[in-house]
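Input: a single structure, listed below in structure tokens.
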Amino acid sequence: STEEYDDFTANQRVSENAKIYQFYWRGTESKKYMEVECLENGIITRFSTSADDLVQDKAMSDISKEDALKKAKDIFYKLNPDLKDKTVIENGNTNKQLWETRQNFVVSRVENGIEVYGDNGYIEMDMNADNILWYYINWHDYSEFPNPKDAISVEEAKKAIDDIVLRNKI
């Protein structure tokens with residue numbers, strides 16, 4: 001909710017031919033903040049909030065990795081419902097460490113069943129995975145993706161590379 005903030009600013013910029021909108025809410029007395037950045041098409045690419053009132057000193061949460069992942073997906077897809085079939089979210093913490101006070105997740109964009117190189121991001125949540133502290137996704141606005149059925153096989157690709165190497169004596 002933005003009701004707890006009494007200061008608001010907004011900006012826009014163009015980057016790589018995409019309009020990016022930035023919104024920033026701040027509490028002048030509480031020092032709390034919330035920042036949101038989104039693309040012209042409504043995809044929220046950045047979100048961060050102050051974590052002053054969140055429990056951050058409890059390490060080794062009782063929540064399972066699977067439950068934490070489910071919570072991360074639920075919150076992320078609440079912010080970006082149109083990305084549900086276009087992303088894969090996985091645990092970023094391979095092993096829990098005693099000193100960790102946050103949960104991390106990796107977001108990958110997938111189109112036609114293939115991961116889109118460079119369109120990925122990260123989610124950081126509090127230890128109980130109740131709140132997103134920040135996330136960032138890199139998302140390009142491609143007009144279309146080629147049909148994977150038109151791709152050559154791995155063997156054909158290897159042969160083509162070998163031919164180039166032999167021909168150019170690399």
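Before moving on, here are some points about what is shown:
- Placing dummy labels 7 Å off each Cα toward the beta-carbon, the span from ASP74 to LYS149 is 3.9 nm.
- Under 5 Å, built H, 5+ apart or other chain: amide partners of GLY92: ASN104, PHE105, VAL106
- Whichever lysines have a C-alpha closer than 24 Å to that of LYS149, once near sequence neighbours (fewer than 8 apart) are set aside: LYS84, LYS86, LYS158, LYS159
- Which label in (i) 20.5, 69; (ii) 17.4, 54; (iii) 14.5, 43 gives the computed Rg and Dmax of the Cα atoms in Å: (i)
- 3J(HN,Hα) couplings calculated from phi for segment 145-155 with the Karplus curve 6.51 cos²θ - 1.76 cosθ + 1.60 (θ = phi - 60°) are, in sequence order, 10, x, 6, x, 5, 7, 6, 7, 6, 4, 4 Hz; Gly and Pro show x.
- Sequence-distant residues sharing a close amide H with GLU111 (under 5 Å, placed H): VAL116
- Sequence of GLU16, GLU111 from largest to smallest accessible area, 1.4 Å probe: GLU16, GLU111
- In this view, the solvent-accessible surface of VAL154, computed with a 1.4 Å probe and all protein chains in place, comes to about 90 Å².
- Sulfur and carbon atoms: percent of accessible area, the chain [1.4 Å]: 50 percent
- In this structure the chain gives 67 Å² per residue of accessible area when probed at 1.4 Å with all protein chains present.
- Where chymotrypsin sites (Phe, Trp or Tyr not before Pro) in DSSP loops with at most 11 other Cβ within 10 Å are excluded, longest remaining stretch of the chain: 1-98
The values are calculated or read from the model by the stated rules, or taken from the named source; none is laboratory data. Just so we're clear, the structure is a prediction, and the values are computed from it rather than from any experiment. Note that each Cβ is placed from the backbone with ideal geometry, even for glycine, and that neighbours are counted across all protein chains shown. Just the protein is used for accessible areas: all its heavy atoms, side chains included, with ligands, DNA and RNA removed. Shrake-Rupley method; radii C 1.70, N 1.55, O 1.52, S 1.80 Å.
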